[in-house]
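Let me begin by presenting the structure, written as structure tokens, before commenting on it.
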Amino acid sequence: MKTFNVNELSIVELQNHLNHIVAPRPIALVSTIDKDGNVNLSPFSFFNLFSVNPPVCVFSPSRRVKDNTTKHTLQNLQEVPECVIHMVNYEMVQQTSLSSTEYPKATNEFHKAGFTQIASVMVAPPRVAEARVALECIVKEIIPLGDSPGAGNLVLAEIIYIHIDEAVLNTEGNIMQEKLDLVARMGGNLYARTGTENIFEVPKPLMQQGMGIDLLPEYIKNSTVLTGNDLAQLANVTEIPSPSTIENYLEANTVIIEEMDHLRPFPASRTSYIHQRSKTMLKHGKLDEAWLNLLAGKHYEEKIISETVPNEI
């Protein structure tokens, strides 16, 4: 691996590396207002949810790298500590990008970006009508991380009111993640989209105490086919199938026996065949069958070996 001492990198080089590395990052499209009532709208990808009780989001209007000046959003929040955070979906990403243009102070980016400005319920800054989610917030604290170019300013924004487009809710009133169609920032000019084709589920190990990779059988743990991701899925079970279940599976799946018999002269190929089958099963979410396939393969492998080794005289 190539290594870097961050103290030997320019701010631009460091920013470029980190923006590519720490990605994708959710985007907060933040509306603020100054003491004179001038509205500002600007996106920030140094942003995330940090607490649920109390509900707090944090975003960072960093000092500009080019001239060390502070952004209008930060200046507004120092005057009026309220904001609205809007989550950015694919249909509004181009307008959001346009709103990041560094217009002169007191320019209303709602107008520049073509967003519809509507009143908030609890805070002074208006909200974006086109956004599927809007979070009205009170700023509890602003924490400066330095006074040099690129230094962040952590805005701790407590959520006090939430607006959600009913089109993204199911009949139970829960958010359908794919309907939000959120976008995220990456390095350079790159963005990521969380559409249906990019969303997948990973069962949480908190729901049960899995055995862990260290307790997997050596035959599985030392696989040259199964990846760390594959092994982690296999290790997230509390127990392995019983011998009788394995035998029943093998009897019902004679293709395993047929293929392994065909590969009798090639032990490594037999193992690879079994592990590749389980890898495919894991890809399609068939964890239980992947386990059965691995153990059935091992069971029949031991049978082949016993038939190959000559009897002692």
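Just tell me which lysines come within less than 16 Å, Cα to Cα, of Lys221; anything on the same chain fewer than 8 places away is out.
Lys279, Lys298
Specify the residue with the greatest mean-square fluctuation among Asp181, Asp288, Asp165, computed from a Gaussian network of the chain linking alpha-carbon atoms under 10 Å apart.
The residue that fluctuates most here is Asp288.
Restrict the search to region 200-275; then list the chymotrypsin sites (Phe, Trp or Tyr not before Pro) that DSSP places in a loop and that have at most 15 other Cβ atoms within 10 Å of their Cβ.
Working: sites: Phe200, Tyr219, Tyr249, Tyr273; in loops: Phe200.
Those satisfying the criteria are Phe200.
If the limit is 19 Å between Cα atoms, which of Lys204/Lys283; Lys179/Lys283; Lys105/Lys140; Lys35/Lys66 go over it?
Lys179/Lys283; Lys105/Lys140; Lys35/Lys66
With every protein chain present, what is the per residue accessible area of the chain (1.4 Å probe, Å²)?
Solvent-accessible surface per residue comes out at 59 Å².
Could you tell me whether region 22-149 comes out rounded, prolate or oblate from its Cα gyration tensor? Rule is a ≥ b ≥ c as square roots of the eigenvalues, rounded for a/c under 1.5, then prolate if a/b exceeds b/c, otherwise oblate.
Numbers: a/c = 1.18, a/b = 1.09, b/c = 1.09.
Rounded shape, in that the Cα axes give a/c under 1.5.
Please give me, ordered by residue number, the trypsin sites (Lys or Arg not before Pro) of region 208-313 that lie in loop per DSSP and have at most 16 other Cβ atoms within 10 Å.
Lys286
Once you place label points 7 Å from the Cα toward the Cβ at Asn7 and Thr101, how far apart are they in nm?
4.3
Select one label from (i) 23.8; (ii) 19.0; (iii) 19.6: the one whose number is Kirkwood radius over Cα pairs in Å as derived from the coordinates shown.
Checked against the structure: label (i).
Shape verdict for region 170-215, please, from the Cα gyration tensor: rounded (a/c under 1.5), prolate (a/b greater than b/c) or oblate.
oblate
Using the Cα centre of the chain as the reference point, and only Cβ charges (+1 on K/R, -1 on D/E), how large is the resulting charge dipole? Debye, rounded to the nearest 20. Present the calculation step by step, with values, prior to reporting the outcome.
Working: 25 positive and 37 negative charges, 196 e Å.
Using only the charged Cβ atoms, the result is roughly 940 debye.
Over the chain, with every protein chain in place, what whole percent of the accessible area is carbon and sulfur at 1.4 Å, could you tell me?
Carbon and sulfur: 54 percent of the exposed surface of the chain.
Size of the dipole of region 108-247 about the Cα centre, Lys and Arg at +1 and Asp and Glu at -1 on the beta carbon, nothing else charged, in debye to 20? It would help to have the intermediate numbers written out before the result.
Values: 9 positive and 18 negative charges, 90 e Å.
The dipole of region 108-247 has a size of about 440 debye.
If you filter region 105-205 for trypsin sites (Lys or Arg not before Pro), then keep DSSP loop positions with at most 16 other Cβ within 10 Å, what is left?
Details: sites: Lys105, Lys112, Arg127, Arg132, Lys140, Lys179, Arg185, Arg193; in loops: Lys105, Arg132.
The qualifying sites are Lys105.
Whole-Hz Karplus ³J(HN,Hα) for region 261-270, in order, using 6.51 cos²θ - 1.76 cosθ + 1.60 and θ = phi - 60°, x for Gly and Pro?
Taking θ as phi minus 60°, the curve returns 5, 5, 9, 3, x, 10, x, 5, 5, 5 Hz for region 261-270.
The values are calculated or read from the model by the stated rules, or taken from the named source; none is laboratory data. What you see is a predicted model, and the numbers here were worked out from it, not measured in a lab. Every residue, glycine among them, receives a Cβ derived from its backbone with ideal geometry; neighbour counts consider all protein chains shown. SASA here: full protein model, heavy atoms, side chains in, ligands and nucleic acids out. Shrake-Rupley method; radii C 1.70, N 1.55, O 1.52, S 1.80 Å.
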